[in-house]
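One structure below.
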Amino acid sequence: MESTLLVQSLLLALTTAGLYAAIASGLTLEFGVTGIINFAHGEFVMLGAFLTYFLYEAVGVPPLAGMVLSGLAMTALSWLVFDGFLSRVLKQDEHNQILATIGLSILLINLAMIAWTPDARVMHAPPLLPPLQLGDVIVPGNNLVVLLVGIALYAGMIWFMRHTRQGLLLRLAADDPQLAVLAGVDVTRMFRLSFLIGGLTAGVSGGLVALILYVQPLVGVDLVMRAFAIVALGGLGSIGGALIGAVLLSAAENLTATFVPGGGSWGYGVAFVIIVLVLVVRPTGLFGSERRA
Amino acid sequence: MKTGLTRLLPYVLILLVTLALVWIDKPFWIQLAIGVAITAITALAWDILSRTGQVSLGSAAFFGIGSYTLAIFEPLIGLTLAWVAVVVVCALAATLLGLLTLRLRRMYFAIATLGFALSMQVLVVVFPDWTGGSGGIAPPVLADGDPRWQLGLIGLLLLAAVALSDTLLGLRFRPAFFMIRTKPELAAASGVPVVHMKIFAFIVSGVLIGLAGACYGGLYGYVVPTDVFTTNWSVLPLAIATLGGMDTTIGPLLGAIVLKALEEVARSVIGGTGYQVVYGAVIILFVIGMPQGIVGLLRKAGKLAGRRTATGEKKKERERHA
Amino acid sequence: MRDTASLSPARRSAQQSGGAILAVEDLTVAFGGLKALDGVSLSIAAGEITGLIGPNGSGKSTLVNTVSGQLPVRGGRISLRGGDVTGRRPDRIVRAGMARTYQIPRVPPTLTVEEVLSVPLLYAGRDRHRLPGLGDAAAIAAFCGLGPLFRRYCGDLSVTDLRRLEIARALACAPDLLLLDEAMAGLSHEDSVEVMGLIRNVHEQGISIVIIEHLMRVITTLCHRVVVLNNGRLLAEGTPATVLADQAVREAYLGKGFAS
């Protein structure tokens, strides 16, 4: 009984880990390249979730296609935001950089509240895959989809960074911006590219959110807080660390909710305890490097 | 480099406005002034901390700890000692957080302080026997619920915050703080005990925010965790200080007045849901348009208006300093 | 070569009373597995100007950063005027009487020269009577040629003036021993001659000095003694003439260009 519960809990954790990894890897990429934490990253996820939701509920676009469209829309929005606004704070002091994306986050959340009310909505799409039965343990179909899409997004990013010319330039700009400038890399273009990729992954992740969670203006806040913890675990700027961080966090959360009495109400408290502890023990994250500190 | 008159301006302004509002006794304006004063205190406190290079997103932790400490200790040790407890507990929490985050820089520091603030909220929910959980807690009502006295008390706290901020902008602290912010090694090589100074700034900042939080909790005698531990109380001080003008005393005051006024306008136009959209819009416009804040803008205007007279006065002022 | 005979009698006795002002015994400093300093022992005589030289990566900066308390010590002992300062905090070491300059100081641009100098004056907690000409910020600034810039913002200063300010800041700590980290790097010939004059004047005040420097001209004209580091170990020490004639030093440090 206990062991079934444990396996069930860990399997569900694994599927949420796919979603967390997709969100956190976009956040960590943007930070690694630009040195800016995008506090509005969660709001791009939220907008993606609303878009997928409305595309399905109002127009009847299937969720998977909706996800792709959401990803593209958020890429476009990221472009707009970066060129119109964020590119101007890149050289400012840190408090202005922090404030800039927080301002954007507040703006988007409240616009969403005005447009769609603060109420939570649930997308009534039929499961995209049949549930997976492993002995006594059942994994719902949509959780499988989240796991698969999340991993695909994450793997796509890793592939892009390792095997394309643009990815190589991105890594160069992240590792050593001065060297990148000397090598003739257009650093501003790389900064923009990191935000475009971040927007794309956020938009698609939003679709995943609509599939297994709820759709609501504040849903991005919940998720981005967890992403911070993941990024703290994995090291700010480390995409590889994001996956490990995501698995660790969602395992910790699910285990707490399952086995600690009243642990379900801890919510993302687990995440914050992790943030504080990890940063205290290792200021650049468990798997991070020292260079951006 | 201010003249004696502008140095006194904030004190005179606060005294006059507070007394005038107490005298005319219009509830709306008193409530508005209380809101401005409380946010201004938190912004001044945030600014004091930021002068040592610690850009915090954890103000909400102290705001909440302040109101909760007052509520928890008042039945146990009486009202007066409970206020002392607010100071002590906030100072301890500030020391703890300051030591934990000592080695963190920039964004890491911001994230860790944010994490601390949100952990506090969870802590309250996890130990409901002590804290009332998510149902909230009842701190003693401030000044028996008379809004005019409430404003008077909070005005006094604001005056204290202004005086502290000015003191810390004096020759004894400002250069050392700025040196710690720009290059801590250089400060240490000048004999500054960097760790002590950073923790000291953290304590001053945390205690001020905690006292503001305790006042806030005492306004109605009832708070729930999401009132005081909300990220709003972490973001507002940063936003107000930056919009008004960092490293100054008048900046956070101006910022609080402007932002609260805009909030009221937005609340009446948009309504209760989503009115904070104005925060987002204002922040973005400021960050793009005037990153040095209102004070920076005024300085620039002042420079253009009377470069000659200004430099003449500056010289005189500096000679007086020497 | 300069000698102490030209100093006033009072200063001379003050300088000669100490013997070694800074003594380092078997000092080891490591980053991870890499030993940046490997059992270095040396002593700096009171009242002298000592040159610290060595090729890039030889451990000069590590030595300065370690004795000034900025880097942790893995093994060995550092003593200042006979008192153990191993592992002490940098601000404590300043109080004990050793000040240092940074090659790239990075002062807050919104502070004036006066305000920067006020920091050590307020915090270093040193007895100033020993240095009568350097009692307050204005005197120190004037001493370092910053008199006219006293109330200017650091953000408006030239590179040379920032170097002067850095020396002035260290002087405001009222040190017994001053460590100068490449005070002349990147300066024009005229400017470096001026800064050399300033260093001499500082020495005349009775302050012992250690200079890290790449320019041999500076070492030979200013220093009484030279210490050479190579690969984290002490390679040679002695008067500039004997050290620069040493075959091992020529091979390790000076290379073909200088050796010929």
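The values are calculated or read from the model by the stated rules, or taken from the named source; none is laboratory data. No experiment lies behind these values; they were computed from the predicted model shown. Cβ sites come from the backbone with ideal geometry, for glycine too, and all protein chains shown count toward neighbours. In case anyone asks, the SASA skips ligands and DNA or RNA and just uses the protein heavy atoms, side chains included. Shrake-Rupley method; radii C 1.70, N 1.55, O 1.52, S 1.80 Å.
A few comments on the model shown:
- Centroid-to-centroid separation of the stretch A:154-185 and the stretch A:70-112 [C-alpha atoms, Å]: 22
- Note on the stretch B:175-244: the C-alpha convex hull projects to 6.0 nm² when averaged across all orientations.
- Distance from the C-alpha centroid of the stretch C:134-195 to that of the stretch B:84-98: 41 Å, rounded to the whole angstrom.
- Protein heavy-atom accessible area occluded, C/B pair - total, 1.4 Å probe, Å²: 2400
- Per residue, the stretch B:4-230 exposes an accessible area of 38 Å² to a 1.4 Å probe, with every protein chain left in place.
- Per-residue mean of C-beta atoms belonging to partner chains within 10 Å, peptide B:114-124: 6
- Rounded to the nearest 500, the 222 nm mean residue ellipticity of chain B from helices alone is -26000 deg cm²/dmol, with -39,500 (n - 2.57) taken per DSSP H run of at least 4 residues.
- Inter-chain neighbour count for A:107-116: the average number of beta-carbon atoms from partner chains within 10 Å of each residue's beta-carbon is 5.
- Residues with amide H under 5 Å from that of C:Leu235, placed H, sequence gap 5 or more: C:Val228, C:Leu229, C:Asn230
- With every protein chain in place, the protein assembly as shown: carbon and sulfur % of accessible area (1.4 Å): 64
- Spin-label model distance (nm) - B:Ala20 vs C:Arg106, 7 Å beyond Cα toward Cβ: 4.6
- HN-Hα J in Hz across the stretch C:75-80 - Karplus 6.51, -1.76, 1.60, θ = phi - 60°, x for Gly and Pro: x, x, 9, 10, 10, 10
- Short-range pairs are left out: with C-alpha atoms under 8 Å and at least six residues apart, the relative contact order of chain B is 30 percent.
- Amide H contacts for C:Gly76 (H built 1.01 Å from N in the peptide plane; partners 5 or more residues away or on another chain; cut-off under 5 Å): C:Thr28.
- Nearest-0.05 FRET efficiency for C:Asp127 and B:Ala163, computed from C-beta distance (R0 35 Å): 0.60
- Relative contact order, whole percent, for the stretch A:2-218 stands at 44, derived from Cα pairs under 8 Å and 6 or more residues apart.
- Shape annotation for the protein assembly as shown: C-alpha extents along the principal axes are 95, 71, 55 Å, from largest to smallest.
- Charge tally around A:Leu233: other residues with Cβ under 11 Å, Lys/Arg +1 each, Asp/Glu -1 each, net +2.
- Across B:Lys26/B:Lys260; B:Lys198/B:Lys260; B:Lys183/C:Lys60; B:Lys183/B:Lys303, pairs whose alpha-carbon gap is larger than 23 Å: B:Lys198/B:Lys260; B:Lys183/B:Lys303
- Length-normalised contact order of chain C in % [C-alpha pairs under 8 Å, at least 6 apart]: 26
- Normalised Debye scattering of the stretch B:4-230 at q = 0.09, 0.17 Å⁻¹ gives log10 I(q)/I(0) of -0.38, -1.20, counting only Cα atoms as equal scatterers and leaving out solvent.
- J(HN,Hα) series, the stretch B:120-126, from Karplus relation 6.51 cos²θ - 1.76 cosθ + 1.60, nearest Hz, glycine and proline x: 4, 4, 5, 3, 4, 6, 6
- Per residue accessible area of the stretch A:2-218, 1.4 Å probe, in Å²: 40
- Normalised by 2.2 N^0.38 Å, with N the number of residues, the alpha-carbon radius of gyration of chain A equals 0.98.
- Mean residue ellipticity, 222 nm, helices only, chain A: the sum of -39500 (n - 2.57) across DSSP H runs of n ≥ 4, divided by residue count and rounded to 500, is -24000 deg cm²/dmol.
- In terms of packing, defined here as the mean over residues of other Cβ atoms within 10 angstrom, the peptides A:17-29, C:108-120, B:16-28 line up highest first as A:17-29, C:108-120, B:16-28.
- Accessible area that becomes buried as A packs against B, both chains, 1.4 Å probe, Å², nearest 100: 3800
- Between amide H atoms placed 1.01 Å from N, distances below 5 Å from C:Ala36 occur with C:Val29, C:Ala30, C:Phe31, all of them 5 or more places distant or on a separate chain.
- Spatial separation of Cα centroids for the stretch B:1-58 and the stretch C:16-85, in angstrom: 51
- Partner shielding of A:224-237 amounts to 2, given as the average count of beta-carbon atoms from other chains within 10 Å of each residue beta-carbon.
- Kirkwood-Stokes translational diffusion coefficient of chain C, alpha-carbon pairs, 25 °C, 0.890 mPa s, µm²/s: 131
- Only helical runs count toward this figure. For chain C, summing -39,500 (n - 2.57) over DSSP H runs of n ≥ 4 and dividing by all residues gives -9500 deg cm²/dmol at 222 nm.
- Each residue of the stretch B:273-288 was assigned a 3J(HN,Hα) from its phi angle through the Karplus expression (A = 6.51, B = -1.76, C = 1.60, θ = phi - 60°), giving 9, x, 4, 5, 3, 5, 4, x, 4, 5, 4, 5, 4, 5, 4, 6 Hz with x at Gly and Pro.
- For the stretch C:166-227, the pair-distance distribution built from all alpha carbon pairs, in bins 5 Å wide starting at 0, is 4, 17, 34, 27, 15, 4 percent.
- Legend: residues in the stretch B:268-283 shielded by at least 20 square angstrom of accessible surface upon adding the remaining protein chains to the isolated chain (1.4 Å probe, heavy atoms) are B:Thr273, B:Gly274, B:Gln276, B:Val277, B:Gly280, B:Ile283.
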